[in-house]
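The values are calculated or read from the model by the stated rules, or taken from the named source; none is laboratory data. What you see is a predicted model; the values in this text were computed from it and never measured. All Cβ positions, even for glycine, are placed from backbone atoms using ideal geometry, and neighbour counts span all protein chains on display. Please note that ligands, DNA and RNA were not included when accessible areas were found on the heavy atoms of the full protein model with its side chains. Shrake-Rupley method; radii C 1.70, N 1.55, O 1.52, S 1.80 Å.
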Amino acid sequence: MPKEKIGLMGGSFNPIHERHLEMAACALREAKLDRVLFLPTGNPPHKKEGLEDAEHRYEMTRLAVSGISGFEPCRIELERKGTIYTVDTLTLLKKQLPGAEFYYIIGEDTLFDLPNWRKADKVFELTRFLVCRRDTHDPEDDPRCGKLRKQGCKFNFLSLPPRDVSSTAVRAELKEGGDPDELKPQVIEYIRLMGLYGREASPAIGEAAYARLKKNLSDKRLLHSLLVSWTARKLARQHGLNEDTAATAALLHDCAKCMPLSGMQQIAKDHRLLIDKITIQNGNLLHGPVGAVVAERDYGITDPNVLAAIRCHTTGKVGMLPLDMIVFLSDKIEPSRRSYPALEEVRRLAGESLPAAMSHSLRSTLDYVKSQKGVPHPTTQRVADWLDRLMAQQRSNEE
């Protein structure tokens with residue numbers, strides 16, 4: 001039976017960025033690895049200053065690799081006390097996975113520093129290295145490569161084109177309030193919620209809400225909630241709404257989603273919610289109005305506009321306010337949404353006109369349901385008709 005080939009992507013991940021993911025993806029593909037473990041370091045012998053708490057760095061890593069086939073976060077360097085050295089990590093992994101072959105993914109600068117690592121000869125026995133080049137030159141021309149191989153170091157260069165991403169620059173941009181392109185949206189949103197890298201926590205309830213959501217939602221639903229919040233902030237900026245309010249409603253819009261239907265129905269009954277017969281039997285619809293109850297009861301939300309946006313995000317409602325539309329649309333167009341025929345057009349329209357984006361989204365839903373010989377929810381039809389009247393009135397006012 002062939003040995004499992006495991007890639008190891010170590011680092012402070014302060015924070016994890018796209019280059020880390022590019023390196024791991026290239027290694028997974030070219031070395032035909034079975035999986036890549038991402039190992040945020042707990043207490044490294046260097047990089048002390050400006051290092052965020054290990055649990056935050058692990059959570060950002062977990063979120064960044066969530067849903068990517070072959071990528072897994074690993075806590076092995078967080079659960080040991082004292083200074084963390086790679087030789088100790090490899091020794092422990094070898095004990096846990098005695099039949100595996102390890103491939104440590106590094107940059108070219110790190111390759112030539114390997115002789116200075118603690119117990120380098122032992123490290124060379126325990127792992128091979130997959131190396132990303134620093135620039136366009138042929139690294140094999142460097143005489144240090146031959147010297148390393150004579151010392152027992154086994155390594156191969158990856159074909160990934162050189163690209164420099166400075167974590168220091170990323171942190172500086174975050175501190176100034178920017179959203180670095182090198183970070184995944186869910187990582188940016190987590191940083192905002194927790195107030196990391198010198199940013200003020202936003203919204204104020206973010207950290208407490210995230211902790212509760214993490215307990216009550218699946219990993220997939222938690223990721224979706226972060227991405228809806230990220231999208232809602234973007235739309236709020238574009239349309240002149242309060243970002244914190246939009247982020248709060250979007251973050252909590254699915255707070256009841258993972259409840260069993262019977263639990264949702266009990267909450268609806270206990271709170272005497274006026275629910276139609278279709279919605280009360282369908283958790284995909286019922287979690288909206290029930291979520292508004294849960295957001296107020298369990299998350300301390302008192303803003304009626306936030307609660308209203310959560311309440312109507314599944315079917316919409318006649319007379320939707322801009323905040324309602326932002327949460328509804330963000331749920332439909334967040335970055336991880338699988339492509340559907342209207343997706344890109346709804347995304348484009350959302351930045352220009354909330355009613356137009358809502359109308360296009362609802363009409364496409366109605367068309368799809370009818371094509372499948374289904375019966376659309378009556379509220380969806382009423383909202384679509386109302387939006388047509390609203391936009392006609394807007395056009396008339398502009399003439």
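Quick check, is L130 surrounded by 15 or more Cβ atoms within 10 Å (Cβ to Cβ), part of a loop (DSSP other than H, G, I, E, B) and either in contact with a helix residue (DSSP H, G or I) (Cβ under 6 Å, 6 or more places away or on another chain) or among the hydroxyl-bearing types (S, T, Y) (or both)?
Against the criterion (surrounded by 15 or more Cβ atoms within 10 Å (Cβ to Cβ), part of a loop (DSSP other than H, G, I, E, B) and either in contact with a helix residue (DSSP H, G or I) (Cβ under 6 Å, 6 or more places away or on another chain) or among the hydroxyl-bearing types (S, T, Y) (or both)), L130 does not qualify.
Please determine, by comparing only the residues of the stretch 250-282 that are in contact with a His (Cβ under 8 Å, 6 or more places away or on another chain) and hydrophobic (A, V, I, L, M, F, W, C), which one is farthest from A295 (Cα to Cα).
Ranking the candidates gives I278 first.
Only one of L366, L349 is part of a helix (DSSP H, G or I) and open to solvent by less than 20 Å² (accessible area, probe 1.4 Å). Can you tell me which?
Result of the check over L366, L349: L366.
For K175, state whether it is under 17 Å from E52 (Cβ atoms) and open to solvent by 40 Å² or more (accessible area, probe 1.4 Å).
Answer is yes for this residue.
Of these, L222, L226, which one is under 19 Å from I333 (Cβ atoms), free of Cβ contacts under 8 Å to residues at least 24 places away in the same chain and open to solvent by less than 20 Å² (accessible area, probe 1.4 Å)?
Result of the check over L222, L226: L222.
Could you tell me which numbered condition G291 fails, if it satisfies all but one of (1) closer than 20 Å to F328 by Cα; (2) at pLDDT 95 or above; (3) open to solvent by 20 Å² or more (accessible area, probe 1.4 Å)?
(3)
Starting from residues that are open to solvent by 20 Å² or more (accessible area, probe 1.4 Å) and among the β-branched types (V, I, T), keep the ones in the stretch 53-90 and report whichever is farthest from K32 (Cα to Cα).
T83
For (1) in contact (Cβ under 8 Å) with a residue 40 or more places away in the chain; (2) hydrophobic (A, V, I, L, M, F, W, C); (3) more than 22 Å from M358 (Cβ to Cβ), each residue gets a yes or a no:
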residue: I280; (1), (2), (3): no, yes, yes
residue: H287; (1), (2), (3): no, no, no
residue: G291; (1), (2), (3): no, no, no
residue: H313; (1), (2), (3): yes, no, no
